[in-house]
1. Could you give every pair whose Cβ atoms fall below 8 Å, whose first residue belongs to region 66-89 and is assigned to a helix (DSSP H, G or I), and whose second residue is of a type in the set (Lys, Arg) and modelled with pLDDT of 80 or more, counting only separations of at least 6 or pairs across chains?
2. Determine whether region 45-61 contains at least one residue that is more than 10 Å from the chain's Cα centre (by Cα), surrounded by 15 or more Cβ atoms within 10 Å (Cβ to Cβ) and farther than 18 Å from Tyr18 by Cβ.
3. Is there a residue in region 67-87 that is modelled with pLDDT of 85 or more and surrounded by 15 or more Cβ atoms within 10 Å (Cβ to Cβ)?
4. Say we look at region 1-23 and pick out the residues that are surrounded by 10 or more Cβ atoms within 10 Å (Cβ to Cβ) and of a type in the set (D, E, K, R); which of these is nearest to Arg65 (Cα to Cα)?
5. Of the residues that make up region 32-43, is at least one touching a Leu at 6+ places or on another chain (Cβ under 6 Å), modelled with pLDDT under 90 and closer than 17 Å to Pro72 by Cα?
6. Could you go through region 37-51 and let me know if any residue there is in contact (Cβ under 8 Å) with a residue 24 or more places away in the chain and part of a helix (DSSP H, G or I).
7. Does Ala26 meet the test of being more than 13 Å from the chain's Cα centre (by Cα), surrounded by 10 or more Cβ atoms within 10 Å (Cβ to Cβ) and either among the charged types (D, E, K, R) or within 28 Å of Leu15 (Cα to Cα) (or both)?
Amino acid sequence: MADMQSVALLVVRALEVYLALGVVVAVPFVLLGLQRVDRSAASSTWGFRVIVLPGVVALWPFLLRRWIAGTPPPEERNAHRDAARRDEP
């Protein structure tokens, strides 16, 4: 039983470290990096930034990599966008 407790404690500690790093990365990302990764978010409100903060904390490794690379997300490709492109003059 003590063995399972130590494993559970290790998992909880790892999650705590992950989330702490997420907060450390998320705050500057929301303040500075969001507009670099997504140009349309450059003029976003503080309310939007607060709303996306939990997602940034959860996905911080991916967003940090994209922020460092400075690459915007790929454009979504689906049937609706393809049809709209075909209809453009």
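The values are calculated or read from the model by the stated rules, or taken from the named source; none is laboratory data. Since the structure is predicted, the reported quantities are computational estimates derived from the model, not experimental observations. Neighbour counts are summed over all protein chains in view; Cβ atoms, including those assigned to glycine, are modelled from backbone coordinates with ideal geometry.
1. So the pair list comes out as Trp67/Arg36.
2. yes
3. Within region 67-87, one or more residues are modelled with pLDDT of 85 or more and surrounded by 15 or more Cβ atoms within 10 Å (Cβ to Cβ).
4. Among residues in region 1-23 that are surrounded by 10 or more Cβ atoms within 10 Å (Cβ to Cβ) and of a type in the set (D, E, K, R), the one nearest to Arg65 (Cα to Cα) is Glu16.
5. Yes - at least one qualifying residue is present in region 32-43.
6. yes
7. no
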